[in-house]
Amino acid sequence: MLGLTPFKFLPRPMQVILLINVAVFLLMNAAIYLLSRVNEYDLLWYLAFIPSQIHELWRFFSYAFVHLNFWHILFNMLMFWMFGTEVCKSLGERSFTALYLISAVFAGVFSLFFHALGFMGDNPIIGASGALFGIMTAYAFLFPERIILMFFIIPMKIKYAIWIFIAIDLFMARSNDGIAHYTHLGGVLSGYLFMLAWSRPKKQQTYSREFFREQAAKRSEANRPLEGELYKGNTSTKEERLNEILEKINRSGLQSLNKEERDYLQWFGQQNKKRG
């Protein structure tokens, strides 16, 4: 759990998100250093999410890439790196990117509700925590039995740890400690709703008999397998077929594979075992 995948082996969306966060942090500090008239609070105020200024739509995204200081960005990006890697590989790159952005936006929208009720002020909200809590919730959804070090000290299954995080945010929500606890809770809720939608069985389309005849003719011409039929060609074509399936997994997740593709992976693995 604490082992970090080297940056160059991270999925592309994770690399991009990490680089954007670091670049924004460095550019803000460079501007503060080079321009004497600019201070960090001016920049934070322009990019932060402010409940009373919801007409400035960029704030729903920009606040998630802004951090106050080195320790703020270090902790958030460390958590993102630790939890995000396996979540991205499980969901696929597109779904993971959608999860991050939706969690960031929804966490801000969720905060508006409590601002309207008077439970939170109009203070600027910054940081990736809302999106990060969405990713942590997805991790708990996918790997509930995994052990993490709660507060880097206490070993605990993630399915229990996530409830402790929620309880802490509920308890501290009105403590005026300078942390946007309602935004965290919005990230948790968005992550849970996203995973419910992602895990729903995909509807199978129905096609006419003529459609299958046309597809069979096309695949026959291209020397490709029919649905439910394993393709056992020469070495180069077998590896090409394997690479296509692996690319599909990387793009859309393991659950996107159809029966033929799953059978092919199983058959390919059995062939390699026989050779070994």
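General remarks:
- Spacing of the two label points (7 Å from each Cα toward its C-beta) at Arg146 and Ser252, in nm: 2.4 nm
- FRET efficiency, Glu260 to Arg200 (Cβ-Cβ, R0 30 Å, nearest 0.05): 0.85
- Coordinate range along principal axes, alpha carbons of region 98-145, Å, largest first: 38, 17, 15
- Kirkwood Rh, angstrom, region 59-138 [1 / mean 1/r, Cα pairs]: 13.2 Å
- By average C-beta atoms within 10 angstrom, highest first, the peptides 243-249, 160-166: 160-166, 243-249
- Region 62-157: trypsin sites (Lys or Arg not before Pro) in DSSP loop, at most 11 other beta carbons within 10 Å: none
- With a simple spin-label model that places each label point 7 Å from the Cα along the Cα-to-Cβ direction, the separation between Ala31 and His72 comes to 1.4 nm.
- With the convex hull drawn over the C-alpha atoms of region 7-199, the volume per residue is 127 Å³.
- Taking label points 7 Å from Cα along the Cα-to-Cβ direction, Ala116 and Val22 give a separation of 4.0 nm.
- With a Förster radius of 25 Å applied to the C-beta separation of Leu242 and Leu193, the computed FRET efficiency comes to 0.10.
- Using a Förster distance of 25 Å, the FRET efficiency for Val109-Phe171 (Cβ separation, nearest 0.05): 0.65
- Per-residue Cβ neighbour counts within 10 Å put Val66, Val87, Val24 in the sequence Val24, Val66, Val87, beginning with the fewest.
- Across region 7-199, C-alpha contacts under 8 Å between residues 6 or more apart give a mean separation that, scaled by the residue count, equals a relative contact order of 23 percent.
Each value in this text was obtained by applying a stated rule to the coordinates, not by laboratory testing. Given the structure is predicted, the values throughout are model-derived calculations rather than measurements. Counting neighbours? That spans all protein chains shown, and the Cβs are built from the backbone with ideal geometry, glycine included.
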